[in-house]
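A short reminder: the numbers here are calculations on the coordinates, not readings from a lab. From a predicted model like this one, the values you see are computed outputs, not experimental measurements. Every residue, glycine among them, receives a Cβ derived from its backbone with ideal geometry; neighbour counts consider all protein chains shown.
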Amino acid sequence: MNEQIRNGQTTINVTEKANLIWSIADLIGQGLYKPHEYGKVILPMTVIKRFDDVLKPTKEKVLEVYEKVKHLEVKDGFLEKASGYKFYNVSPFTFDTLVADSEHIEANFRNYLAGFSDNVQDILENFDFDKEITKLANNGMLFLVIQEFNKKQAYMGNITSTDMGYIFEELVRKFSESYNEHAGAHFTARDIIYLMTDLLIAEDKDILIKEGVVKTVYDQAMGTSQMLACMEERLKDLDANADVRMFGQELNPETYAIAKADMLIKGGDANNMRLGNTLSDDKFKNYTFDYCISNPPFGIDWRVEQNAVEAESKLGDKGRFGVGLPYINDGQQLFDLNGLSKLKKTGRMAIIHNGSPLFTGAAGSGPSEIRRYIIENEWLEAIVQLPNDTFYNTGITTYIWIMSK
């Protein structure tokens with residue numbers, strides 16, 4: 001698809017759906033939830049409704065197969081084949097049938113959620129949605145919320161993963177504006193992500209257009225996985241049959257759940273989306289990747305991870321952080337070291353920073369030694385300064401660092 005047309009359509013989809021979903025958020029905000037709490041309901045409900053919409057065409061087939069195999073100990077394969085996805089729902093309910101019985105809405109909705117496969121149950125658990133269901137039901141709002149999500153204009157079965165990701169980013173941004181965020185806890189605009197992807201693959205285009213290409217992409221602070229989705233999109237533009245395998249780690253349970261849900265829907269390996277703190281609990285030890293693309297937090301201290309990071313730094317070359325450690329009040333250079341440790345010998349990384357890694361620290365200090373490590377190994381290809389006010393909630397100057405092994 002022509003990029004200008006695709007981007008225009010993305011803007012339309014994001015605006016329409018985000019505004020619609022935000023209007024539902026206003027419904028629960030009538031005394032029951034404060035604006036910064038809307039996400040507790042709206043984010044999981046959006047994920048659940050998208051699951052419902054994509055499973056709708058094969059719902060009857062899944063129920064037929066379930067009746068035949070429900071006595072078997074291992075039945076996932078049969079049900080996944082019937083659903084056409086790597087997940088399914090064996091409850092008799094859908095959003096359509098849920099709104100047909102307002103009197104028993106809580107019991108029926110819980111039955112519906114219990115019908116999802118185990119990989120979806122993990123997503124729901126990370127949203128911690130159960131207590132919100134009780135709260136909505138006790139206040140007579142559960143039926144109203146489900147009814148709003150079931151309206152025709154709320155259909156999400158035909159929205160691309162990229163568009164859906166931006167809808168989630170827009171919603172999370174709206175929620176986060178209701179309270180003070182750290183300057184480094186922000187979301188990355190589509191244009192910046194595409195710039196990063198284009199810089200990463202620019203020198204590989206001749207290779208990427210060949211048949212049988214297999215590439216791995218890693219995001220060490222993936223959020224809702226938008227950078228991974230854009231990298232896949234760009235690589236598929238060059239070779240529609242390319243095998244793009246995506247890996248990501250995320251600290252926040254809710255954004256991790258969104259990323260995993262999206263990976264399930266588009267047929268990727270959702271097990272490669274992992275929850276945990278990248279600095280203190282690396283979920284991809286001994287993995288290496290073709291590309292690393294990330295926008296990690298900056299200007300945020302790493303006291304929580306201090307013990308684990310310092311212990312690993314004492315391992316020297318056997319760990320990620322043996323080169324040196326940044327000052328405790330800003331951990332972004334730790335993500336440089338982690339990302340570099342994850343690159344194949346031909347791997348490339350694009351990572352966003354503020355100005356601190358450029359100049360912080362006198363000669364011989366931890367930050368200076370990290371810079372020296374990168375420069376003396378000739379891994380730094382370029383630093384691209386981005387316009388000011390590029391991010392939603394910070395006006396500080398930011399940069400894309402491009403590094404390659």
query: Where the centroid of each part is defined by its Cα atoms, how far is region 278-332 from region 94-148 in Å?
result: 39
- line: Highest GNM mean-square fluctuation among V304, V384, V120, for the chain with Cα springs under 10 Å, belongs to V304
- prompt: With the contact rule set at Cα under 8 Å and sequence spacing of 6 or more, what percent relative contact order holds for region 181-404?
  reply: 20
task: Provide the per-residue ³J(HN,Hα) series for region 219-227, in order, calculated from phi with Karplus coefficients 6.51, -1.76, 1.60 and θ = phi - 60°, each as a whole number of Hz, with x at glycine and proline positions.
output: 10, 7, 9, 6, x, 8, 6, 5, 5
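Would you kindly state how much longer the chain becomes between A202 and D243 on full extension, computed as 0.36 nm times their sequence separation minus their alpha carbon distance, in nm to one decimal?
Values: separation 41, 0.36 × 41 = 14.76 nm, distance 1.83 nm.
Roughly 12.9 nm would be gained on extension.
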message: Counting other beta carbons within 10 Å of each residue's own, what order do S23, S294 fall into, fewest first?
response: S23, S294
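For an R0 of 30 angstrom, estimate the FRET efficiency from the Cβ-Cβ distance between D281 and N158 and round to the nearest 0.05. Don't jump to the answer; show the numbers that get you there.
On the way: r = 37 Å, r/R0 = 1.24.
According to the calculation, E is roughly 0.20.
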- request: Enter the angle in degrees (range 0 to 90, nearest 10) between the Cα long axis of helix 39-55 and the first principal axis of the Cα atoms of the chain, meaning the one along which they spread out most.
  value: 70
statement: So, with points 7 Å from each Cα along the Cβ direction, the K318-K131 label distance in nm works out to 4.2
query: What is the gain in length, in nm to one decimal, between L72 and I383 on full extension, counting 0.36 nm per residue of separation less the C-alpha to C-alpha distance?
result: 106.3 nm
- request: With P(r) over Cα pairs in 10 Å bins from 0, in percent in mind, check (i) 4, 15, 19, 19, 15, 9, 7, 6, 4, 2, 1, 0; (ii) 5, 23, 34, 26, 10, 1, 0; (iii) 4, 21, 30, 24, 15, 5, 1, 0 and report the label derived from this structure.
  value: (iii)
statement: Simple SL model, points at 7 angstrom along Cα→Cβ for E64 and D26; separation in nm is 4.4
- request: In nm, give the distance between the simple-model label positions of I375 and I209, each being 7 Å from the Cα along the Cα-to-Cβ direction.
  value: 3.7
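I'd like the antiparallel share, as a percent to the nearest 5, of DSSP beta bridges with both residues in the chain.
Numbers: 14 of 30 bridges.
Given both bridge residues lie in the chain, the antiparallel proportion sits at roughly 45 percent.
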task: Normalising by the residue count of the chain, find the relative contact order in percent from Cα pairs under 8 Å and 6+ residues apart.
output: 14
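Shape call for region 255-405 from the C-alpha gyration tensor, a ≥ b ≥ c root eigenvalues: rounded (a/c under 1.5), prolate (a/b greater than b/c) or oblate? Kindly include the intermediate steps, with their values, before the conclusion.
Details: a/c = 1.45, a/b = 1.21, b/c = 1.19.
Note, shape of region 255-405 comes out rounded.
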- request: State whether region 187-246 is rounded, prolate or oblate according to the following rule on the C-alpha gyration tensor (a ≥ b ≥ c being the square roots of its eigenvalues): a/c under 1.5 gives rounded; otherwise a/b larger than b/c gives prolate, and the remaining case gives oblate.
  value: prolate
statement: The answer for the longest stretch of the chain without any exposed chymotrypsin sites (Phe, Trp or Tyr not before Pro) (DSSP loop, at most 15 further Cβ atoms within 10 Å) is 1-178
- line: Exposed-loop cut sites defined as GluC sites (Glu not before Pro) in DSSP loop states with at most 11 other Cβ within 10 angstrom; longest site-free run of the chain spans 212-377
- request: Output the pairs from K81/K266; K56/K135; K68/K152; K59/K152; K236/K285; K174/K236 with a Cα-Cα distance over 22 Å in this structure; if there are none, say none.
  value: K56/K135; K68/K152; K236/K285; K174/K236
- prompt: What number, rounded to the nearest 500 deg cm²/dmol, is the helix-based mean residue ellipticity at 222 nm of the chain, given -39500 (n - 2.57) per DSSP H run of at least four residues and division by all its residues?
  reply: -14500 deg cm²/dmol
message: Need one word for region 59-204: rounded, prolate or oblate. Basis is the Cα gyration tensor (sqrt eigenvalues a ≥ b ≥ c); a/c below 1.5 gives rounded, then a/b vs b/c decides.
response: oblate
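Mind checking region 213-297 for trypsin sites (Lys or Arg not before Pro) that DSSP puts in a loop (not H, G, I, E or B) and that have at most 11 other Cβ atoms within 10 Å? Intermediate results must be reported in sequence, preceding the final value.
On the way: sites: K215, R234, K236, R245, K260, K266, R274, K283, K285; in loops: K266, K283, K285.
Sparse-neighbourhood loop trypsin sites (Lys or Arg not before Pro): K285.
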- request: Report ³J(HN,Hα) in whole Hz for each residue of region 155-160, in order, from the Karplus equation J = 6.51 cos²θ - 1.76 cosθ + 1.60 where θ = phi - 60°; Gly and Pro get x.
  value: 4, 10, x, 10, 8, 5
task: Taking the chain as the reference, fit the longest principal axis to its C-alpha atoms, fit the long axis of helix 190-201 to the helix C-alpha atoms, and give the angle between the two in degrees, 0 to 90, nearest 10.
output: 50
